[in-house]
Amino acid sequence: MVKVGKNFIINTNDVNFFYGSFRALTEITMGFEKNRVTALIGPSGCGKSTFLRLLNRMNDLIDGTRVEGEVLFEGKNIYATDVDPVEIRRRIGMVFQKPNPFPKSILNNVTFAPKLSGITKKSDLDSLVEQSLRQAVLWDEVKDILNRSAMTLSGGQQQRLCIARALAMKPDVILMDEPTSALDPISTAKIEELIDELKKRYTIIIVTHNMQQAARVSQKTAFFHLGTLVEYGDTREIFTNPREARTKDYITGRYG
Amino acid sequence: MKWRYFKQAVFFTVVRLSALVISLTLLGILAYIFFNGYRAITWDFLTLPPTDSMTRGWIMPAIVGTFYLTIGAISVALPLGIVSATYLSEYAKQGPFIRIIRIGVNCLAGVPSVVFGLFGLGFFVVFLKFGSSILAGSLTLGILILPTIIGASEEALKGVPQTFREASLALGVSKWQTIYRIVLPSALPGIMTGSILGIGRAAGETAPIMFTAAAFFTAILPKSIFDEVMALPYHIYVLATAGTYIEQTRPLQYGTVLVLVALVLGIDLIAIVIRSAMRRKKRW
Ligand SMILES: Nc1ncnc2c1ncn2[C@@H]1O[C@H](COP(=O)(O)OP(=O)(O)OP(=O)(O)O)[C@@H](O)[C@H]1O
Ligand SMILES: [Mg+2]
């Protein structure tokens, strides 16, 4: 049952999730491969965000929620009592649907968390900033205005800054919840290229409503429906030759 | 059709009239105080102590006393209020217990100020043996404005977007660091505004300091926090009711009132300026 293969970085085993008495996820068992992009797709309200937030314990912040089953990160259950969620979130970063930079300068947005985690040397921080912003393909646009407020950037730039901010913590996994849904096509294209580049070093799990996007950026795709995992496999397989009728209906747009 | 417009017209007229009455009352009071009081205001009046059984009274010690009491009150109430509000809105699990505490805080805000005065007398002055002093008075005023500051701080904390907290926590920053580095700084403008309004209240109250800090008369300035002080609100009370020459001191009473009102309005004005400046700066 538990298949912690060499190339799986996260595995979920029979995971159920409850908001109070409402069961949002039912018996999800799946594994995420290292250095791959996995797309989570499915109709609105099927539990994609819930599942994503469960992988780095962000759902802990919501009162009255409950998890059953186990979520293994590198073989260790992140819901075990001796696990510090703060440590988990350091290693599993997250990018949100709406860009949410801090009301600080561009520089301080990137250095905020690394500083608190103990990096204090100015030269270390400076190189970390450049490296993170370069990885997020934002460096050339902001290198001369690092001290300007992040709030003055465009939406697409803000989102790339949020990605840079997550990268600066050097996580192993990056969770992205519809990272381009608030952006124009050009910014979207930039972020898609970026994701492709990032998978060399990171494992990426992305929720998206955009079928073309899922097909373009991911190697694995999981289709969710009503809180269950309906189908999971290679992206090419899912999009060209889905096994389940529900999957086919959804990706061809026949689903409501 | 016409009837509806008529009703609307009547309604608007009533609303406008009420606004007018309120503004006129306020303006009337201010004008009355100003025209009765401005002749008393001289440089000596503001910078020298009272003399001749207060008939040629000047009010410098009272201004200084009110200043100390207010600073004292705010240094007690601000840290305590911010910490309480942070606990209530960021840490505590919302439930019956927290609801009871909130109701308690709100009730505290409604308690008549003389009750605070008596509490201060019983607890700080007598039980803790602070005597009638700046310390006892500041603590009493501090408790008096605590609910205002807790309320304002909670409101300000609630105004900080949840996305800021999520962004920080998702980076693996601990809850305490998130609150200390992200949430509290974002809430600060709101907290400050509420607190400055609290300062205005502390500066203007008579009853809480009557038994805990205020002296009838001192020519010298306080040397330590265990000294009694004169204070503007209490000085007005003394001049108007307890002095030997109440009629002769009438202009001085108005002068003192004018100074106090100017002080409180000035503080409120600062609050308004800070708030609008900070509002313009923040963009979420
Ligand atoms: N905080 C919450 N409290 C209670 N129920 C919730 C909460 N958040 C989500 N739900 C419910 O859980 C279910 C799954 O929600 P979720 O946000 O995970 O869906 P989603 O697949 O991300 O949808 P979308 O594509 O619209 O973002 C929905 O039925 C939703 O109503
Ligand atoms: Mg969602």
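Structure notes:
- Using only Cα coordinates, the Kirkwood hydrodynamic radius of the protein assembly as shown works out to 28.0 Å.
- Placed amide H near A:T65: partners under 5 Å, 5+ positions off or other chain: A:G20
- Paramagnetic reach from A:D63 (point 7 Å along Cα→Cβ, amide N under 18 Å) across the range A:16-47: A:18-22
- Taken residue by residue and averaged, Cβ atoms of other chains lying within 10 Å of the Cβ of A:89-99 number 3.
- The range B:110-172 versus the range A:160-211: alpha-carbon centroid distance in Å: 45
- Packing here is the average count of other Cβ atoms within 10 Å per residue, and on that basis the peptides B:257-270, B:185-198, B:102-115, highest first, run B:185-198, B:257-270, B:102-115.
- In a DSSP loop and with at most 13 other Cβ atoms within 10 Å, the GluC sites (Glu not before Pro) in the range A:169-256 are A:E244.
- Annotation for the range B:189-284: trypsin sites (Lys or Arg not before Pro) lying in DSSP loop with at most 16 further Cβ atoms inside 10 Å of their Cβ are B:K223, B:K282, B:R283.
- Peptide B:161-169 has a mean of 6 when you count, residue by residue, the C-beta atoms of other protein chains within 10 Å of its C-beta.
- Förster radius 51 Å - calculated FRET efficiency between A:T152 and B:Y5 (Cβ-Cβ, nearest 0.05): 0.60
- Cross-link partners of A:K199 among lysines, defined as those whose alpha carbon lies under 25 angstrom from its own and excluding same-chain residues fewer than eight positions apart: A:K3, A:K6, A:K34, A:K48, A:K76, A:K98, A:K143, A:K170, A:K190, A:K220.
- A:A24 long-range amide H proximity, modeled H, under 5 Å: A:F17, A:F18, A:Y19
- Cα-based reach from A:K248 at 13 Å (exclusive), listing aspartates and glutamates while leaving out same-chain residues under 8 positions away: A:E231, A:E237
- Extended-chain gain in nm, criterion 0.36 nm per residue less alpha-carbon gap, B:V115 and B:F217: 34.3 nm
- Counting only whole DSSP H helices of chain B, the ones at least 27 Å long by C-alpha along their axis and with mean Kyte-Doolittle hydropathy no lower than 1.0 are B:2-37, B:60-86, B:134-158, B:250-281.
- Candidates B:S84, B:S133, B:S224: whichever shows maximal mean-square fluctuation once chain B is modelled as a Gaussian network with Cα springs under 10 Å: B:S224
- Burial ranking of peptide ranges A:140-150, B:18-28, B:171-181, B:140-150 (average Cβ count within 10 Å, highest at the top): B:140-150, B:171-181, A:140-150, B:18-28
- Here's the list of lysines a cross-link from B:K129 could span, going by alpha-carbon distance under 20 Å and ignoring same-chain residues fewer than 8 apart: B:K223.
- Rounded to 5, the percent of DSSP beta bridges in the protein assembly as shown classed as antiparallel: 60
- Theoretical ellipticity at 222 nm over chain A - DSSP helices of four or more residues, -39500 (n - 2.57) apiece, nearest 500: -10000 deg cm²/dmol
- Phi-based couplings in Hz for the range A:27-39 (Karplus 6.51, -1.76, 1.60; Gly and Pro marked x): 6, 8, 10, 7, x, 10, 7, 5, 6, 10, 9, 10, 9
- Pairwise label distance in nanometres, A:K115 with A:D144, each label 7 Å out on the Cα-Cβ vector: 2.6
- For the range A:24-76 versus the range B:217-238, the gap between their alpha-carbon centres in whole angstrom: 66
- Here B:F226 and B:R279 are evaluated by their C-beta separation; at R0 = 35 Å the FRET efficiency comes out at 0.25.
- Near A:M94, the amide H atoms lying under 5 Å from its own belong to A:L175; only residues 5 or more places off or on other chains count, and H is placed 1.01 Å from N.
- Debye-formula intensities of the range B:35-283, expressed as log10 I(q)/I(0) at q = 0.10, 0.11, 0.14 Å⁻¹, are -0.56, -0.66, -0.94 (one equal scatterer per alpha-carbon, no solvent).
- Chain B: relative contact order as a whole-number percent, Cα under 8 Å and 6+ apart: 27
- Sites A:D249 and B:V83 - FRET efficiency at Förster radius 45 Å, r taken between beta-carbons, to 0.05: 0.20
- Counting Cβ atoms of other protein chains within 10 Å of each Cβ in B:171-180 and taking the mean gives 6.
- Its DSSP H runs of at least 4 residues, each contributing -39,500 (n - 2.57), put the calculated 222 nm mean residue ellipticity of chain B at -22500 deg cm²/dmol, to the nearest 500.
Throughout, read-outs are computed from the coordinates displayed, never taken from laboratory work. Predicted model, so just to flag it, every value in this text is computed and none were measured. When we count neighbours, we look across all protein chains shown, and the Cβ atoms used for this are built from the backbone with ideal geometry, even at glycine.
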